[in-house]
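Working notes, beginning with the structure itself.
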Amino acid sequence: MGETGFRFAEEKDCSLILSFIRGLAEYERMSEQVVATEELLKEWIFEKKKAEVIFVCEDGREVGFALFFHNFSTFLGRAGLYLEDLFVLPEYRGKGYGKAVLSKLAQITLERGCGRLEWACLDWNKPSIDFYLSLSAEPMNDWTTYRLTGDTLKRMASGDTIK
């Protein structure tokens with residue numbers, strides 16, 4: 001591992017962010033689901049400020065990224081950070097960059113006075129699950145994520161919830 005550094009993404013990094021998103025989607029076998037564009041990333045990350053991105057760098061080269069945003073815990077009565085995506089380029093895996101990113105995010109969580117850092121992981125992704133468990137992260141086995149998208153989201157918004 002070379003010299004490790006971090007930097008927050010800037011608007012000029014939209015193409016780099018998108019390349020990391022596509023790399024993650026390929027790893028997760030979900031490439032066909034990526035509809036993000038540089039323009040959408042610019043709008044939602046930098047203009048509307050709905051998410052943030054940090055890069056982990058080796059000797060000044062971006063080798064991984066994390067996209068995160070604030071959520072809120074009513075039980076804690078304070079915000080938390082939700083890690084949406086963490087991706088390290090394949091040739092840099094196993095060198096400590098994933099752990100470095102999570103450590104940096106934990107620092108940001110505490111600096112901002114947030115109560116927790118959380119994320120989701122695909123059930124089949126055993127290497128990542130094993131990695132998270134090695135860090136003493138706690139799986140939330142009693143919780144299932146639900147999602148509304150596309151036509152289902154539109155039907156719900158219109159009040160029509162019948163299939």
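Give a quick list of chymotrypsin sites (Phe, Trp or Tyr not before Pro) in the stretch 54-85 that DSSP marks as loop, anything other than H, G, I, E or B, with at most 10 other Cβ atoms within 10 Å.
Listed in order of number, the matching sites are Phe75.
Loop-only check: which chymotrypsin sites (Phe, Trp or Tyr not before Pro) in the stretch 100-163 are DSSP coil with at most 13 other Cβ within 10 angstrom?
Of the chymotrypsin sites (Phe, Trp or Tyr not before Pro), the ones in loops of the stretch 100-163 whose Cβ has at most 13 other Cβ atoms within 10 Å are Trp124, Trp143, Tyr146.
Whole angstrom only: what separates the Cα centroid of the stretch 49-76 from the Cα centroid of the stretch 22-47?
Here the answer is 15 Å between Cα centres.
Just one of [x] 108; [y] 138; [z] 158 is volume of the Cα convex hull per residue in Å³ as worked out from the coordinates here. Which one is it?
The value matching this structure is [z].
Which of the helices in the chain meet the span-like rule: DSSP H, Cα axial reach of 15 Å or more, Kyte-Doolittle mean at least 1.0?
Helices passing the filter in the chain: 14-27.
Below 8 Å, C-alpha to C-alpha, sequence gap of six or more: please give me the relative contact order for the chain in percent.
17 percent
Within straight cross-link reach of Lys126, meaning Cα distance under 21 Å, which lysines are found once same-chain residues fewer than 8 apart are removed?
Lys95, Lys99
Select from the stretch 1-72 those trypsin sites (Lys or Arg not before Pro) which occupy a DSSP coil region and have at most 12 other Cβ atoms within 10 Å, ordered by residue number.
Answer in residue order: Arg29, Lys48, Lys49, Lys50.
Sticking with the crude label model, points 7 Å out along Cα→Cβ, report the distance from Arg116 to Lys12 in nm, one decimal please.
3.9 nm
Subtracting the Cα-Cα distance from 0.36 nm times the residue separation, let me have the gained length for Ala137 to Val35 in nm, one decimal.
Fully extending the segment from Ala137 to Val35 adds 33.6 nm.
Values quoted throughout were computed directly from the atomic coordinates according to the rules given, and no laboratory measurement underlies them. None of the values given here were measured: they were computed from a predicted structure. Cβ atoms come from the backbone with ideal geometry, glycine included; neighbour counts cover every protein chain shown.
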